[in-house]
1. Return yes or no: is Val195 assigned to a helix (DSSP H, G or I) and in contact with a Ser or Thr (Cβ under 7 Å, 6 or more places away or on another chain)?
2. Being touching a residue at least 24 places away in the same chain (Cβ under 8 Å), surrounded by 20 or more Cβ atoms within 10 Å (Cβ to Cβ) and out of contact with any Pro (no Cβ under 6 Å at 6 or more places or on another chain): is that true of Ile174 here?
3. If you go through the range 170-202 one residue at a time, how many are touching a Phe, Trp or Tyr at 6+ places or on another chain (Cβ under 6 Å) and charged (D, E, K, R)?
4. Out of (1) modelled with pLDDT under 95; (2) within 17 Å of the chain's Cα centre (by Cα), what's the single condition that is false for Val96?
5. Got a number for residues in the range 142-166 being touching a Leu at 6+ places or on another chain (Cβ under 9 Å) and in contact (Cβ under 8 Å) with a residue 40 or more places away in the chain?
Amino acid sequence: MSGHSKWSNIKHKKEKTDAAKAKVFTKIGKEMTVAVKEGGPDPASNSKLRDLIAKAKANNVPNENIERTIKKAAGSENINYEEITYEGYGPSGVAVIVETTTDNRNRTAGNVRACFSKYHGNLGQSGCVGFMFDEKGVIVISNEDGDVDEDRLMETALEAGAADFVADEDAFVIYTEPDDVYAVSDSLTAAGYEVDSAEKEKVPQTTVELESEEDIKFMGLLIERLEDDDDVMNVYHNWGNVQ
């Protein structure tokens, strides 16, 4: 897999606006609510919650927001979210996985299906594209000023337990086993690196390049509209030439 195609995905992520950042907070809050409902409000005994607190911190969510969310989730009986994953195809057969957390399955399914059909894709059966992706931890450290010593970072990352390391234009991407991502991220932060993001992701084994302008336009809109939906937590795809 070329580092470049992955980088274009990451660049797309890095350039998210403040509005999108606020959305990230909302989404992590939802995930925390689910985790507290399942395993209680104490991160010491709830590893899923512990991971989400680490994810929230990696995404610069303020501590008081984190504490407020956990408190609220622990105290409320009437929030029932379920996590549902949809799989389908974008234009020209691009594989798309949509992870959702919802309190209304029908609304979410309807919205996701409408999104696919509007932007020249179609929703498939569960499992139709999942096998094309690997679950990995992905840590991004930007190097826009070019002052990160690549060899030193690589050594630190590998010592901390990273599995793979890709240097790209103005960022470094560090891959880990899914369950190691927050521990490796903490080690890098402790070593003085500024972590842009750290999370478990589904990484495509191969990518699809789109040729036609129309396909490129519709694929971009499909991702954007899905990400805009409040129930959608993550959108993964194997489109190589992301704009």
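1. no
2. yes
3. Number satisfying all stated conditions: 1.
4. (1)
5. Qualifying residue count for the region: 1.
The values are calculated or read from the model by the stated rules, or taken from the named source; none is laboratory data. Given the structure is predicted, the values throughout are model-derived calculations rather than measurements. Using ideal geometry, Cβ is built from the backbone for each residue, glycine included, and neighbour counts are taken over all protein chains shown.
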